[in-house]
Protein chains: 2
Amino acid sequence: MLLKGLGEDRIIEGLKKRSGKRHPRLVMGIGDDTSVTRQKAGLVTLATVDTLIEGTHFDPKYTPPYLLGRKALSISVSDIAAMGGQPLFFLVSLALPEKTEKRFLDELYRGINDAAGEYDVVIAGGNIARSVLTAVSTTVFGEAKEKEVVYRSGAREGDIIYVTGTPGDSALGLKVLRNHGARALKGRFRKAAWKHLDPRARIDAGRALARRGLASAMIDISDGVALDLTRICKSSGKGAIIELEDFPISDEMKKYREAAKDSSWIDLALSGGEDYELLFTSPEPDRNKIASLAKTLGLRITAIGRITDKKGLKVLGKDKRLYRLKKAGFEHF
Amino acid sequence: MLLKGLGEDRIIEGLKKRSGKRHPRLVMGIGDDTSVTRQKAGLVTLATVDTLIEGTHFDPKYTPPYLLGRKALSISVSDIAAMGGQPLFFLVSLALPEKTEKRFLDELYRGINDAAGEYDVVIAGGNIARSVLTAVSTTVFGEAKEKEVVYRSGAREGDIIYVTGTPGDSALGLKVLRNHGARALKGRFRKAAWKHLDPRARIDAGRALARRGLASAMIDISDGVALDLTRICKSSGKGAIIELEDFPISDEMKKYREAAKDSSWIDLALSGGEDYELLFTSPEPDRNKIASLAKTLGLRITAIGRITDKKGLKVLGKDKRLYRLKKAGFEHF
């Protein structure tokens, strides 16, 4: 069954029906010109938009619509996490070809709604338009106390640079998905492939770091550690040194490193995008607090380098030798 | 000069530089993971997203990028107007082909910023991605006192139905643009062509109606009077009668009516989309207040029919005879 003839309103209402969930601050969700949500004195609203476009961000050949829906929400929620905020509401903007199957939409919605349930966010609005390409755009609104918000600009000389998880897995996953298609989801590097298609936003870690005042600067890794760290450095007017010796990589990345017998794993780990892990800086004296937070969260948090006063990003490999990255990270233009 | 090699951050920062405007409630705009804006107790946030996609919503052959930028913002701002709210901030999400000229982007930005200045809204964030099609998505958030907000659902039996301006002009404009391309902007129906490419959101009218409590239900005409009125009727559990005798049309539409010698003008006026005029209902006793508001605003506001208890939409033409619309309005699916 195709979408044609269903009517826009009914298509968008499908998202509302499936979700069912309400939020005490949501006065009006899908069903009017705009969403209506109540404000609270002393809080700030965090707002962000992100888009996944067919051919640019995903290949329909190996991207199940269920996972596309999940990822579309996760990547915007991740931006809220990177500010230390609590995500609350979201809007969805869909572009779909006329020949889209109803089943595709059902699966996409199921993915969006499952992710919404896991992140505890509520749909507040949406729109839909015909296009020759499929695209899913999500706008997420969250909030935080004004003083808690963590910006990119707060890194200071001597701060330690941390990452959550094992960056580079998503890029490794993309590599095997491109080579093997959907079979990669069951192959040797299946965890990496799943990580690429179904990243998780680190809300709990972001919130905890913000509430405890432990992060001086923070960003989510969407375009690779090197490029996103450069963004922190530029905003903070600082530089950074990354030591590869300490860099956390997954078992699959280790397998890849052994098989490839070259340094390409370094470029995957530092310049690969779409991990949606958190990259943050924190003063040296708080080292133990970070370690204990990692334990509490059950999340790997690893120190990978330091903020310096000298601008630019240096990557030190074996025997502290300078490593030259092939490119900083993923850039659309 | 092409965009390739410019870098995403620099492209997005272009929007920030151009608009130098700040807002006292905007803590962080473009330049971090999310925008940060201060909340106020007692107010509600109104949020909406809308997208213009190449080939679906605009034809690059006769759509100057400057007007595309203006329209992309206007259509989302219009949704805030239709709730009776004050628009404040916006996010822009761009999809652009790699071969996009820098000049195209400059013009697009100039359009967005000029419209932002006119609507007094401030850019709070944005993102950009490569695509084979150009698409401009705007998320606008505004606010209002909770009690002032006007929904689609408040229409009551006997309420008078009003529209601002002269609906149908945008559809007439699209018709001549399709036939004559950019030459239409200087032709016989040039005002209609401009209306299609550069609609204005009716913020002042929406705000005034909301503040004075004059509108029982309201919507902006994006998909045509008939379809958008049907939305009000469905949300309110009511029906409606439109009398064509009273329907406001522009001088160019009159010219078209005379030239065409058929009833096609009625379908343009009632089923044509993208006018972004306001369609609202108001109790009969407030008739004089509406008339005086129209005078104050210098805006044509016309009674076009009544809300009834019998579901469905009836259009009465000459001698009160029933007119059958060819289609309700614009639907993507």
Taking each residue of A:272-285 in turn, how many C-beta atoms of other protein chains fall within 10 Å of its C-beta, and what is the average? 0
If each residue of separation counts as 0.36 nm, what is the full-extension length gain between B:E101 and B:D204 once their alpha-carbon separation is subtracted? 33.5 nm
Taking every residue of A:133-139, the Cβ atoms of other protein chains inside 10 Å of its Cβ average out to 5
Trypsin sites (Lys or Arg not before Pro) within the range B:1-82: DSSP coil, no more than 12 neighbouring Cβ in 10 Å: B:R22, B:K61
Hydropathy at least -1.0 by Kyte-Doolittle, axial extent at least 20 angstrom from the Cα trace: which helices of chain A, defined as entire DSSP H runs, fit? A:65-82, A:102-119
What spacing in nm lies between the two simple spin-label points modelled at B:E146 and B:K254, each 7 Å away from Cα in the Cβ direction? 4.8 nm
Charge dipole (debye, nearest 20) of the range A:38-77; +1 at Cβ of Lys and Arg, -1 at Cβ of Asp and Glu: 260 debye
Shape of the range A:152-320 from its Cα gyration tensor (a ≥ b ≥ c, root eigenvalues): rounded if a/c is under 1.5, otherwise prolate when a/b > b/c, or oblate? prolate
Taking the label point 7 Å from Cα in the Cβ direction, how far apart in nm is B:G187 from each other copy of itself, listed shortest first? 5.5
About its Cα centre, what dipole magnitude does the range B:152-320 give when the only charges are +1 on Lys and Arg Cβ and -1 on Asp and Glu Cβ, stated in debye to the nearest 20? 280 debye
Tell me, what is the Rg over Rh of chain A, with Rh the Kirkwood radius over Cα pairs? 0.99
Any idea which of B:S170, B:S76, A:I203 is furthest toward the positive side of the dipole for the protein assembly as shown, if Lys and Arg beta-carbons carry +1 and Asp and Glu beta-carbons -1? B:S170
Which of the peptides B:316-322, A:74-80, B:238-244 is most tightly packed, and how do the rest follow, going by the mean number of other Cβ atoms within 10 Å of each residue? A:74-80, B:238-244, B:316-322
Give the aspartates and glutamates whose C-alpha is closer than 12 Å to that of A:K40, dropping any in the same chain fewer than 8 places away, or say none. A:E143, A:E146
Whole number please: convex hull volume per residue of the Cα set in the range B:111-201, in Å³? 190 Å³
Residue pairs, from the table A:K4/B:K254; A:K61/A:K314; A:K61/A:K195; A:K16/B:K195, whose Cα atoms sit over 27 Å apart: A:K4/B:K254; A:K61/A:K314; A:K16/B:K195
Log entry: pair-distance distribution for the range A:8-147, C-alpha pairs binned every 5 Å from zero, whole % per bin is 2, 10, 21, 24, 20, 12, 7, 3, 1, 0
Using r as the Cβ-Cβ distance of A:R38 and A:D319, and R0 as 45 Å, what FRET efficiency do you calculate, to the nearest 0.05? 0.20
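Every number in this text was worked out from the coordinates using simple rules, so none of it is lab data. None of the values given here were measured: they were computed from a predicted structure. All Cβ positions, glycine included, derive from the backbone under ideal geometry; neighbour counts span all protein chains shown.
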